[in-house]
Amino acid sequence: MKESIRCDLENYIVNNILPQYRNFDKAHGPEHIEQVIAKSLFLADKTGGDREMAYVIAAYHDIGMRVSREDHGFQSAIILKTDVYLPKWFDRQDITIMAQAVEDHSTSLGKEPRSLYGKIIYQADKTLDAETVIRRAVQFGAVHYKHYSFEEQVDRVYQYTNKKYGKNGLMKFWLDIPEEHSRLQRLRKKIKDREYVSNVCRKYY
């Protein structure tokens, strides 16, 4: 496992990949990507994963939204796999593993990621702070559901967050990290409280 990210690799990502997120909606913009990168490195350290691979996967995981939101994981994998610069730092097998991880990161797939790195990016992509989860849902709605009233937005956010993060929701933890499970329990308790969800929605509406 590498202790740090090589400077030339980090410079390539910072100057060529991350700036593309400025054109996406706020829920998938630079702030989200920076958070996912930080959490991916944390999870890589916890699980013995390679920090550089985790870093690259996190940087590319939503980049396919420039092509299509609906299958952005698949599109992101293609972009990573066909990037002509990545072979400077990674062999073909590593690039294949990273592309598969990017493709596997979506909750909606409903299946276990194929590798440790798929599990890392899957979990890193899932914010466990209740206010952040609700804020991102509101920001997404502001772009894609502009015609909704405030109450309709609250209904949409409440149903979405509980469907995704609730006790019987789509999200599963593939990595057994106790502090992550504790954070998930706190999140579930808050998003179950409709009044709390409504108050946070109003803050960012």
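On the given criteria, is Ile120 part of a helix (DSSP H, G or I), closer than 30 Å to Asp8 by Cβ and either free of Cβ contacts under 8 Å to residues at least 40 places away in the same chain or open to solvent by 60 Å² or more (accessible area, probe 1.4 Å) (or both)? Working first, answer last.
Numbers: part of a helix (DSSP H, G or I): yes; closer than 30 Å to Asp8 by Cβ: yes; either free of Cβ contacts under 8 Å to residues at least 40 places away in the same chain or open to solvent by 60 Å² or more (accessible area, probe 1.4 Å) (or both): no.
When the stated conditions are applied, Ile120 does not pass them.
Given the criterion without any contact (Cβ under 8 Å) to a residue 40 or more places away in the chain and open to solvent by less than 20 Å² (accessible area, probe 1.4 Å), identify the matching residue among Asp91, Asp193, Asp104, Asp176. Can you show your working first?
Numbers: Asp91 fails: open to solvent by less than 20 Å² (accessible area, probe 1.4 Å); Asp193 fails: open to solvent by less than 20 Å² (accessible area, probe 1.4 Å); Asp176 fails: open to solvent by less than 20 Å² (accessible area, probe 1.4 Å).
After ruling out the rest, the residue left standing is Asp104.
Report, ordered by the first and then the second residue, all pairs with beta carbons closer than 6 Å, sequence separation of six or more or different chains, a first member in the stretch 52-72 that is surrounded by 15 or more Cβ atoms within 10 Å (Cβ to Cβ), and a second member that is of a type in the set (Lys, Arg).
As it stands, the answer is Glu52/Lys2, since those pairs meet every condition given.
Quick one: in the stretch 127-157, of everything that is basic (Lys, Arg) and closer than 18 Å to Tyr196 by Cα, which residue is modelled with the lowest pLDDT? Lay out the reasoning, then the answer.
As a first pass, look at the stretch 127-157 and keep what is basic (Lys, Arg): 135-136, 146, 156.
If we keep only those that are closer than 18 Å to Tyr196 by Cα as well, we get 135-136, 156.
Details: Arg135: 93, Arg136: 87, Arg156: 96.
Checked the stretch 127-157; the qualifying residue modelled with the lowest pLDDT is Arg136.
It is to be established whether one or more residues within the stretch 7-29 are under 17 Å from Asp91 (Cα atoms), part of a loop (DSSP other than H, G, I, E, B) and open to solvent by 60 Å² or more (accessible area, probe 1.4 Å).
There is no residue in the stretch 7-29 that is under 17 Å from Asp91 (Cα atoms), part of a loop (DSSP other than H, G, I, E, B) and open to solvent by 60 Å² or more (accessible area, probe 1.4 Å).
The values are calculated or read from the model by the stated rules, or taken from the named source; none is laboratory data. Computed from a prediction, not measured in an experiment: that's the story for all the values here. Neighbour counts run over all protein chains shown; Cβ positions are idealised from the backbone, glycine included. Note: areas computed on protein heavy atoms with side chains; ligands, DNA, RNA excluded. Shrake-Rupley method; radii C 1.70, N 1.55, O 1.52, S 1.80 Å.
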